[in-house]
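Structure first, commentary second.
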Amino acid sequence: MGHGDEIVLADAHFPGESVGPEVIRADGLRIAPLLDAILPLFELDSFIPHPVAMMDAVPGDSLDPSVEAAYLEAIHRHAPGTPAIERVERFAFYERARDAFAVVMTGETAKYGNVILVKGVTPVK
């Protein structure tokens with residue numbers, strides 16, 4: 001992945017194979033612990049307003065705030081100062097996923113548990 005590329009961490013219900021990019025199987029893994037494992041190695045893009053995006057609820061449905069809270073716990077632990085998570089309409093999320101570097105299909109069962117990470121420049125240490 002290069003700077004600006006996006007990766008989707010998709011819940012178990014996401015149509016990963018249908019959207020088109022490379023699909024990586026991570027069956028059985030939940031997204032919050034996966035974020036905890038990825039973010040120490042993955043620099044989020046600091047040059048854009050929202051380097052993390054999640055699918056928004058469809059009209060008439062609701063979000064479970066504990067899902068975002070669990071993701072934010074890992075994000076804030078490894079990438080403090082990350083801006084607020086952007087919410088993306090369902091079909092716009094699918095469109096973004098089509099252009100992603102890859103979709104990681106997880107075992108996440110939380111409704112609207114999908115998340116997009118935008119890769120930044122890996123710092124020289």
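The distance between label points at Glu86 and Val58 comes to 2.3 nm (points 7 Å beyond Cα on the Cα→Cβ vector).
Mean projected area of the Cα convex hull of the chain, taken over all directions, amounts to 7.3 nm². Computed over segment 49-94, the percent of Cα pairs more than 16 Å apart is 42.
Within the shell of other residues whose beta carbon sits under 15 angstrom from the beta carbon of Pro21, the net charge comes to -2, with Lys and Arg scored +1 and Asp and Glu -1.
We did not get these values from a lab; they are worked out from the coordinates using the rules stated. Fair warning: this is a prediction, and the values are worked out from it, not measured in the lab. Methodologically, a virtual Cβ is constructed for each residue, glycine included, from the backbone with ideal geometry; neighbour enumeration extends over all protein chains shown.
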